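First comes the structure, then the notes that go with it.
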Amino acid sequence: MTIAIDCQNISYSYPIAIDNTQALTNISVQLEKGKFYGIVGANGSGKSTFCSIIRGFIPKFYKGTLTGTVKINGIPVSQLQSQLAHLMGFVFQNPYSQLSGVKETVFEEVAFGLENFGMPPLEIENRVNRAMDDCDICDLALRNPFKLSGGQVQRVAFASVLVLDPDILIIDEPTSQLDPMAAEKIYKIICNLKSKNKTILLVDHRTDLIAKYADEVLLFAKGHLLEKGTPHQVLTNPHISAFGVKVPPATQLIRSLKLSLPTNANFPVTEGEAVKLIKEENKNDNTD
Amino acid sequence: MTTQIELQNVTFQYPKNDEPTLKQIHLTLNQGDQLAIVGQNGSGKSTLAKLMNGLLHPTSGSAHIHSLDSQSIPTAEISKYVGYVFQDPDEQIFHATVAKEVLFGLKLRKFPKAQIKLQLNHALIMTGLDRYRDMNPFDLPPATRKFVAIATVLALNPDVIIFDEPTAGQDTFGNQLLSKIIRTQKKMGKTVIVISHDMDFVSNNFNDILVMTHQRILSRDTAKAVFWDEKLINEAHIEQPSICGICKHLGIMSKPITLKEATVAIKSELFS
Ligand SMILES: Nc1ncnc2c1ncn2[C@@H]1O[C@H](COP(=O)(O)OP(=O)(O)OP(=O)(O)O)[C@@H](O)[C@H]1O
Ligand SMILES: Nc1ncnc2c1ncn2[C@@H]1O[C@H](COP(=O)(O)OP(=O)(O)OP(=O)(O)O)[C@@H](O)[C@H]1O
Ligand SMILES: [Mg+2]
Ligand SMILES: [Mg+2]
C-alpha cells in the first residue's frame with residue numbers, strides 16, 4: 001500500500017470567515033495511490049477547502065490560518081512547487097475559473113496546459129484530440145470557450161485537466177451541470193484512470209454515482225471529516241441526510257420496502273444491489 | 001385559461017454561429033403550468049428560457065408574452081410578467097449586499113416604499129437569506145449565491161418564473177428549499193418552469209416534462225410517459241430516475257415514478 005496523499009491535523013480559517021468558524025478542523029487522513037475517493041457533504045462543509053489545501057492553493061493564494069501538514073508521495077506540498085502542476089490535476093468547482101481567458105478556441109484552451117509543459121506540437125494535438133473525444137466536445141473544437149452552454153464549459157474544463165494525464169486528480173463537482181449521460185461518462189473515464197493506477201479525489205452531490213463507482217467515501221460536516229469508509233459504510237448511515245447528503249435512491253427504496261434482510265447482508269447502495277436483493281427476497285417469498 | 005407565453009415557429013441563431021441553436025419551436029405556457037425542461041447539454045434549454053423572457057428574440061417566428069410581441073415590451077416591464085433565474089448566478093449579481101441586490105429590481109419598478117420593504121423581506125425569508133442580508137453576495141458560497149439570484153426574482157412577484165438549473169451544486173437542504181419555493185409559487189397560481197439535470201428532483205416535483213435534444217423539442221408529456229420511454233431517454237441524453245431504473249430491472253409493470261409509487265408497486269406485484 002502506497003500513500004499518495006497524507007494529511008495530518010489540518011485546520012484552516014479563511015481571513016474573513018462568514019460565520020466566524022473554522023473552514024476545516026483537525027483533518028487527518030491518508031489516501032492510497034490508485035484509489036478513487038468520493039467526497040460528500042453539505043454546502044459549506046469544507047469539501048472545496050480541503051481540495052485547495054491538498055493542491056497547495058491554500059496557503060499560496062489565500063491568507064488565513066493554516067496548521068497541520070500535507071504530504072504528496074511523502075514530500076510536503078510546500079516543497080513541491082512547480083512539480084505539483086505535473087503531478088496533480090485540479091478541476092475547479094466553477095468551470096469558468098479553469099479557463100485561461102487567453103485562448104479563443106476550445107481546442108487551444110484544452111491544449112494550453114500541455115503547451116506550458118513545453119510538449120512537442122504533434123503530441124499535443126494527439127492528446128488534445130483524445131481528451132476532447134473522451135469528453136464529447138470534438139464538435140466544439142473551434143468554438144469560443146466563453147460562448148458555450150454551462151454543461152459544455154464544464155466538459156471543456158474537465159478535458160483541459162484530463163489531457164495533462166496527472167498521477168493525482170482532484171475534481172471538484174465535475175458533473176453539477178452535466179446531462180445525466182455525460183455525468184456517468186465522467187465516472188467511467190475516472191474508472192479507466194484508476195485502472196492506470198491514478199489516484200482520484202472527486203467531490204459530488206450525486207451519491208448514486210459515488211456509490212456505484214468510488215472505492216471509498218469521505219463525509220464532511222461543518223469542517224470535520226466525519227467518516228471515511230466504503231460506500232456501504234458511509235452512505236447507509238441513517239444520519240447522512242441530517243448532514244445534507246442524499247441517501248442513494250436504491251437505499252431509500254430498500255428502506256421503504258421494509259424487507260427483513262439477512263443480518264450479514266450489505267445494505268444496498270446501488271441500483272444493481274437493490275435489484276439483486278429484491279429478486280432474492282422475492283424468490284424466498286415465493287418458496288415460503 | 002390565460003396563455004402566458006407563446007412561441008410560434010421560433011428559430012434562433014446566435015450571431016456568430018454557423019447553425020441555428022433552436023429550430024421551429026412551438027411552445028405554449030398557460031397560467032399555472034408547472035413545467036420541467038430536461039435534455040442534453042447544449043440542446044438549447046437556456047436559450048429557450050431567454051427567448052421566453054425577452055432576453056433574446058427569435059431570428060424568425062414569434063415570441064409572445066401576455067399576448068404582446070416580446071420585442072415590443074420594454075425590458076423593465078417584462079419583469080412584471082416573467083422572471084428568469086440565470087444558470088450562472090454571477091451573470092445576474094452586481095450589488096454590494098444581498099439586500100441591495102434584491103432591492104434593485106424593486107426600485108426600478110417604482111413600488112411604494114412600504115410594499116418594497118414587504119416584498120424584500122418576504123423574498124429574503126423565503127430563500128433563507130435573511131441572516132445574510134448585509135453581506136456581499138460574492139462572499140457567499142455559490143449554492144447560496146444561487147438563492148440570492150432567486151430572491152431577486154421572487155421579490156418582483158412575476159406571473160411566470162423560470163429557474164435555470166437551480167439544483168446544480170445544491171445539497172439536500174438546498175433541494176428541499178427549492179421544492180418548497182416551487183410549491184408555494186404553485187399555490188399562488190404562478191407558472192413555474194425549472195430546467196434541471198436532476199431526474200430525481202424533476203420526477204418528484206413535476207408532471208409536465210419538456211424534453212429537448214439538439215436544436216429541438218423531442219416531447220412534452222407526463223413524467224410517466226417520459227421516464228418510461230427508453231428511446232426518448234437515450235436520444236435526449238437523460239436517464240430514468242433511479243427508482244424507475246430499479247423497477248425496470250425487476251419487471252414492474254405499473255411504471256412507477258416516485259419512491260412511494262415504487263414501494264407500492266413492488267409490494268403488490270412481487271410480494272403479494
Ligand atoms: N474565499 C472564502 N473566503 C471566506 N470563506 C470561505 C471562502 N471559501 C469558502 N469559505 C467558507 O468556508 C466554508 C467551507 O467552504 P467550502 O467552499 O470548502 O465548502 P464546500 O463543502 O465546498 O461547499 P459547496 O458544496 O457549496 O461547494 C464555508 O463556511 C464557506 O462559506
Ligand atoms: N452566447 C452564445 N454565443 C454563441 N453560441 C452560444 C451562446 N450561448 C450558447 N450557445 C450555443 O447554443 C447551444 C445551446 O446552448 P444553451 O446554453 O441554450 O444549451 P443548454 O441546453 O442550456 O445546455 P446546458 O445543459 O449545458 O446548460 C450550444 O451549442 C451553445 O454552444
Ligand atoms: Mg465546494
Ligand atoms: Mg443551460
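In table form, for the structure just shown:
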quantity	calculated
10 Å Cβ neighbours from other chains, averaged over peptide B:169-177	6
Two-site label geometry, B:Glu19 and A:Asp165: point separation in nm, points 7 Å out along Cα→Cβ	3.2
Three-way shape label, the protein assembly as shown, alpha-carbon gyration tensor, a/c 1.5	rounded
Prolate/oblate/rounded label for segment A:186-247 (Cα gyration tensor, a/c 1.5)	prolate
Links that overshoot a 27 Å alpha carbon limit, given the list B:Lys23/B:Lys187; B:Lys117/B:Lys146; B:Lys80/B:Lys113; A:Lys188/B:Lys231; A:Lys212/B:Lys186	B:Lys23/B:Lys187; A:Lys212/B:Lys186
Accessible area buried at the A-B interface, both sides summed, 1.4 Å probe (Å², nearest 100)	3500
Cα shape, chain B, gyration tensor, a/c 1.5 rule	oblate
Amide H partners (placed H, <5 Å) of A:Ile171, local residues excluded	A:Val91, A:Leu201, A:Leu202, A:Val203
Extension gain, A:Asp215 back to A:Ser241 (0.36 nm per residue minus Cα-Cα distance, nm)	7.3 nm
23 Å Cα-Cα reach of A:Lys103 towards lysines, excluding residues that sit fewer than 8 places from it in its own chain	A:Lys147, B:Lys16
Within the protein assembly as shown, percent of DSSP bridges classed antiparallel, to nearest 5	50
Nearest-0.05 FRET efficiency for A:Thr2 and A:Phe61, computed from C-beta distance (R0 41 Å)	0.90
Inter-probe distance in nm under a simple model that places probes 7 Å from Cα toward Cβ, at B:Lys187 and A:Lys283	4.9
Hits among aspartates and glutamates - C-alpha to C-alpha of A:Lys279 under 17 Å, sequence gap 8 or more where chains match	A:Glu271, A:Asp288, B:Glu269
Whole-angstrom gap from segment B:190-217 to segment B:10-78, using each part's C-alpha centre	16
Apportionment of accessible area to carbon and sulfur, segment A:173-288, percent (1.4 Å)	50
C-alpha center-to-center spacing [segment A:83-159, segment A:174-209] in angstrom	17
Exercise: per-residue mean of other protein chain Cβ atoms within 10 Å, A:84-95	1
Chain lengthening between B:Thr3 and B:His95 when straightened (0.36 nm per residue, less Cα-Cα)	29.7 nm
Label-to-label distance, nm, for residues given as A:Tyr96 and B:Leu55 (7 Å Cα→Cβ offset)	1.1
Integer Hz, Karplus 6.51/-1.76/1.60 couplings in order for segment A:43-53, x for Gly and Pro	4, x, 7, x, 4, 5, 4, 4, 4, 5, 6
Cβ crowding within 10 Å averaged over residues, with B:127-139, B:178-190, B:106-118, B:79-91 ranked highest first	B:79-91, B:127-139, B:178-190, B:106-118
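The values are calculated or read from the model by the stated rules, or taken from the named source; none is laboratory data. Small disclaimer: the values here were computed from a predicted structure and weren't measured. Note that we place each Cβ from the backbone using ideal geometry, even for glycine, and neighbour counts take in every protein chain shown. These area figures cover heavy atoms from the full protein model, side chains too; ligands, DNA and RNA do not enter into them. Shrake-Rupley method; radii C 1.70, N 1.55, O 1.52, S 1.80 Å.
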